[in-house]
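Peer 1: For reference, the structure I am asking about is given below.
The values are calculated or read from the model by the stated rules, or taken from the named source; none is laboratory data. Computed from a prediction, not measured in an experiment: that's the story for all the values here. Here Cβ is always computed from backbone atoms with ideal geometry, including for glycine, and neighbour counts include all displayed protein chains.
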Amino acid sequence: QVQLVESGGGLVQTGGSLRLSCAASGISFRFSAAGWYRQAPGDQRELVARIVSGGSTNYAGSVKGRFTISRDNAGNTVYLQMNSLKPEDTAVYYCRLDRPGQVYWGQGTQVTVSS
């Protein structure tokens, strides 16, 4: 059974930092693309950052330069380092793993940035 478990969310002040982790089990992580998405109340889920198996990354314009996605294939974990956080970054953050024909989601972790 595939499981993605996010951690690292919480409450932080504007300008602060958080590091999210997503640990995968039941699946070989190495050949998967991994991404972080977020969803604020009343909004659609949106892509924040994505990293493919070769290591290439892409980011939403709103987080470029502030967030960094990385992966540890041996540890089956993907990370999201979030710096210079803003109140508009407040959302539930979800981890997603993609393989050909398969998509897996984590349960989400809440990030709240106070002004």
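Peer 1: Taking the conditions exactly as written (in contact with an Asp or Glu (Cβ under 8 Å, 6 or more places away or on another chain), under 17 Å from Arg99 (Cα atoms) and touching a residue at least 60 places away in the same chain (Cβ under 8 Å)), does Ala24 satisfy them or not? Can you show your working first?
Peer 2: Numbers: in contact with an Asp or Glu (Cβ under 8 Å, 6 or more places away or on another chain): no; under 17 Å from Arg99 (Cα atoms): yes; touching a residue at least 60 places away in the same chain (Cβ under 8 Å): yes.
Considered against the rule, which asks whether it is in contact with an Asp or Glu (Cβ under 8 Å, 6 or more places away or on another chain), under 17 Å from Arg99 (Cα atoms) and touching a residue at least 60 places away in the same chain (Cβ under 8 Å), Ala24 comes out as no.
Peer 1: Right, next: Could you run through the stretch 1-14 and say how many residues are surrounded by 15 or more Cβ atoms within 10 Å (Cβ to Cβ) and closer than 13 Å to Val78 by Cβ?
Peer 2: Count: 3.
Peer 1: Could you list, in sequence order, the residues of the stretch 72-108 that are at pLDDT 95 or above, among the charged types (D, E, K, R) and under 14 Å from the mean Cα position of the chain (by Cα)?
Peer 2: Asp89, Arg96
Peer 1: Report, by residue number, each residue of the stretch 75-110 that is touching a Ser or Thr at 6+ places or on another chain (Cβ under 7 Å), farther than 18 Å from Tyr59 by Cα and of a type in the set (Val, Ile, Thr).
Peer 2: Of everything in the stretch 75-110, those that are touching a Ser or Thr at 6+ places or on another chain (Cβ under 7 Å), farther than 18 Å from Tyr59 by Cα and of a type in the set (Val, Ile, Thr) turn out to be Thr77, Thr109.
Peer 1: Oh, and also: Could you list all residues from the stretch 27-60 that are among the aromatic types (Phe, Trp, Tyr) and free of Cβ contacts under 8 Å to residues at least 40 places away in the same chain? I'd like the intermediate steps shown before the answer.
Peer 2: So the first thing to find is which residues in the stretch 27-60 are among the aromatic types (Phe, Trp, Tyr), and the list is 29, 31, 36-37, 59.
The answer is Tyr59, and nothing else.
Peer 1: Can I ask one more? Just checking, does the stretch 15-27 include any residue being at pLDDT 95 or above and among the hydroxyl-bearing types (Ser, Thr, Tyr)?
Peer 2: For the stretch 15-27, residues at pLDDT 95 or above and among the hydroxyl-bearing types (Ser, Thr, Tyr): present.
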